[in-house]
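The values are calculated or read from the model by the stated rules, or taken from the named source; none is laboratory data. These figures come from a predicted structure and were not determined experimentally. No Cβ is skipped: glycine too gets one built from the backbone with ideal geometry, and neighbour counts run over all protein chains shown.
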Amino acid sequence: MEIRVLGTLIEKESTTPEYYPMTLNSLVAACNQKTSRFPVTDYSEGDVLAGIQGLRARGYAAEITGSGRVAKFAQRFTEKLNLGRRETAVLCVLMLRGPQTAGETKGRTERMYEFADLEEVETILRKLMERPEGALVQKLAPMPGMKEPRYAQMLAGPVESAAAIMPERAAANVPNDRLAAVENELSRLREEVEELRRRLDQLLN
């Protein structure tokens, strides 16, 4: 739960900065998005608040006090771990979508950082696996029927390969890079609609 909340804060800081820091209501909605998330969740406000409290205890999140009466929240994870834009984009996708191949990661980080090629993505993945302070990513075995290895974030500890298998991907026959590009564009459009709806709700209320 903390990883979902943290990943969501990181994502929205980059993709919708006009709505960041985030209110509790917008954070709950973003955590429970039907797109760009695996697994899809149904967290309550209490769940997300508990996640925020856990992150604040680690110095990974903060409550922002502004001129308004509504509390807002921001992430401090990237600053605390001194992560650059490339490392942040890769970790964010792994937090929100689960284990990914390098190709999937490249396609799904485009809104946060546009990697030049697959080699650059693989370089960042290696960097995250070989951090002197401790690895943040681990390499997993390929899924059945696939040649490419997958990578998983390790914020909650080492990942068991068997537990990380995603059946819907194993059954898909569409090439990973093409599927990732289509999903990324669809996700972008749906998120824009969701942000417009939230903005309209705020204006009406």
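Sort through 98, 59 and tell me the only one that's in the same structural domain as residue 142 (by TED's automatic domain parsing) and either out of contact with any helix residue (DSSP H, G or I) (no Cβ under 9 Å at 6 or more places or on another chain) or on the phi > 0 side of the Ramachandran plot (or both). Working first, answer last.
Numbers: 59 fails: in the same structural domain as residue 142 (by TED's automatic domain parsing).
Answer to the selection: 98.
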Some residue of segment 44-63 being touching a residue at least 12 places away in the same chain (Cβ under 8 Å), surrounded by 13 or more Cβ atoms within 10 Å (Cβ to Cβ) and under 12 Å from the mean Cα position of the chain (by Cα): no
Of the criteria (1) in contact with a Lys or Arg (Cβ under 7 Å, 6 or more places away or on another chain); (2) surrounded by fewer than 22 Cβ atoms within 10 Å (Cβ to Cβ); (3) part of a helix (DSSP H, G or I); (4) not acidic (Asp, Glu), which one residue 113 fails: (3)
Long-range neighbours under 9 Å by Cβ, at least six apart or interchain, first residue small (Gly, Ala, Ser) within segment 118-135, second in a loop (DSSP other than H, G, I, E, B): 134/154; 135/154
Filter result for residue 146 (part of a loop (DSSP other than H, G, I, E, B) and closer than 20 Å to residue 81 by Cβ): no
Segment 1-58 - residue that is touching a Ser or Thr at 6+ places or on another chain (Cβ under 9 Å) and charged (D, E, K, R) and, of those, nearest to residue 95 (Cα to Cα): 4
Matching residues in segment 3-19 - criterion: being free of Cβ contacts under 8 Å to residues at least 60 places away in the same chain and surrounded by 19 or more Cβ atoms within 10 Å (Cβ to Cβ): 5, 12
Number of the exception - residue 87 against (1) acidic (Asp, Glu); (2) over 25 Å from residue 53 (Cβ atoms); (3) surrounded by fewer than 19 Cβ atoms within 10 Å (Cβ to Cβ): (3)
Single unsatisfied condition, residue 5 versus (1) of a type in the set (Val, Ile, Thr); (2) in a loop (DSSP other than H, G, I, E, B); (3) over 20 Å from residue 196 (Cβ atoms): (2)
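Could you list all residues from segment 150-159 that are in contact with a strand residue (DSSP E or B) (Cβ under 7 Å, 6 or more places away or on another chain) and at pLDDT below 95? Write out each step before concluding.
The first filter runs over segment 150-159 and keeps only residues in contact with a strand residue (DSSP E or B) (Cβ under 7 Å, 6 or more places away or on another chain), leaving 150-154, 158-159.
Across segment 150-159, the qualifying residues are 158, 159.
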